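Q: Before we start, here is the structure in question, set down as structure tokens.
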Amino acid sequence: MKKRFLWVCASLAAWTGMNISSFNFVKAAEQEITQAQPPLEKQNLTIKTKTGKQQFFSIEIAKTPKEQEIGEMFRTEIPDDGGMLFIWPYPQSSSMWMKNTVVPLDIVFIDTNNHIQYIAENTVPYSLAPINSLGTVKATLELKGGITEKLGIMVGDTVESLALQIPNGKQIIKNESKK
């Protein structure tokens, strides 16, 4: 996620004619991340396998750029039924990494039809190697390493969550006037 953030900053700098050194604050922001973020808002998520099984999760929604940047960093465990969902503002190629992530993850890339497009299983903790979606996706789901194999979750399975139905996972709250 950070790699994409840096790419966006560099692109903006080039587009506006700014020197890339103007974005030194990005490096400073990266250095400030030294601990896990507090638990984020949770939503239910279900993965329906091709065999008809339903796997239920309670996942955190990383909504803001800062929440997405920190992600699962420094967390020492991920529950079997937990994880974190990153919903992108528009369908795009997604590239993740494992910087400061101390436990292996299964990174599940979700296409625009809410089907699993690709799974990177048991990613290597602390690795800076990019983990790519291999195509356009609307969201990325991080789960406990090894859980997709354990539960029989595969490419083509369907992901369902209210968070995937609302742009960028943000809930719309209706104000009701008092009568």
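Q: Any residue that is farther than 15 Å from Leu143 by Cα, assigned to a loop (DSSP other than H, G, I, E, B) and within 14 Å of the chain's Cα centre (by Cα) - is there at least one of those in the stretch 69-82?
A: Checked against the condition, which is being farther than 15 Å from Leu143 by Cα, assigned to a loop (DSSP other than H, G, I, E, B) and within 14 Å of the chain's Cα centre (by Cα), the stretch 69-82 yields no hits at all.
Q: If we keep just the residues of the stretch 43-63 that are hydroxyl-bearing (Ser, Thr, Tyr) and not in a strand (DSSP E or B), which is farthest from the chain's Cα centre (by Cα)?
A: The residue in question is Thr51.
Q: Exactly one of (1) loosely packed, with under 14 Cβ neighbours inside 10 Å; (2) part of a loop (DSSP other than H, G, I, E, B); (3) among the aliphatic types (A, V, I, L, M) is unmet by Val103. Its number?
A: For Val103, the exception is condition (1).
Q: Mind counting the residues in the stretch 89-100 that are surrounded by 15 or more Cβ atoms within 10 Å (Cβ to Cβ) and touching a helix residue (DSSP H, G or I) at 6+ places or on another chain (Cβ under 9 Å)?
A: Count: 6.
Condition check ((1) at pLDDT 95 or above; (2) basic (Lys, Arg)) across all residues:
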{"position": "Thr51", "(1), (2)": "no, no"}
{"position": "Glu60", "(1), (2)": "yes, no"}
{"position": "Lys63", "(1), (2)": "no, yes"}
{"position": "Lys66", "(1), (2)": "no, yes"}
{"position": "Gly71", "(1), (2)": "no, no"}
{"position": "Phe74", "(1), (2)": "no, no"}
{"position": "Pro79", "(1), (2)": "yes, no"}
{"position": "Gly82", "(1), (2)": "yes, no"}
{"position": "Leu85", "(1), (2)": "yes, no"}
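Q: Also, quick follow-up: I want to confirm something. Restricting to the stretch 106-132 and keeping residues that are of a type in the set (Val, Ile, Thr) and touching a residue at least 40 places away in the same chain (Cβ under 8 Å), which single residue is surrounded by the fewest Cβ atoms within 10 Å (Cβ to Cβ)?
A: This residue is Ile116.
Q: Give me the residue from the stretch 142-159 that is out of contact with any Lys or Arg (no Cβ under 6 Å at 6 or more places or on another chain) and in a strand (DSSP E or B) and, out of that set, farthest from Asp81 (Cα to Cα).
A: Applying the filter and picking the extreme gives Val159.
Q: Given Lys144, Lys99, Lys42, which one is basic (Lys, Arg) and more than 23 Å from Glu160 (Cβ to Cβ)?
A: Lys99 is the lone residue from the list that is basic (Lys, Arg) and more than 23 Å from Glu160 (Cβ to Cβ).
Q: Pull up the stretch 63-83, narrow it to residues that are in contact with a helix residue (DSSP H, G or I) (Cβ under 9 Å, 6 or more places away or on another chain) and free of Cβ contacts under 8 Å to residues at least 60 places away in the same chain, then point me to the one that is surrounded by the most Cβ atoms within 10 Å (Cβ to Cβ).
A: Among those residues, the one meeting the criterion is Asp81.
The values are calculated or read from the model by the stated rules, or taken from the named source; none is laboratory data. Small disclaimer: the values here were computed from a predicted structure and weren't measured. FYI the Cβ positions are ideal-geometry reconstructions off the backbone, even for glycines, and counts take in every protein chain you see.
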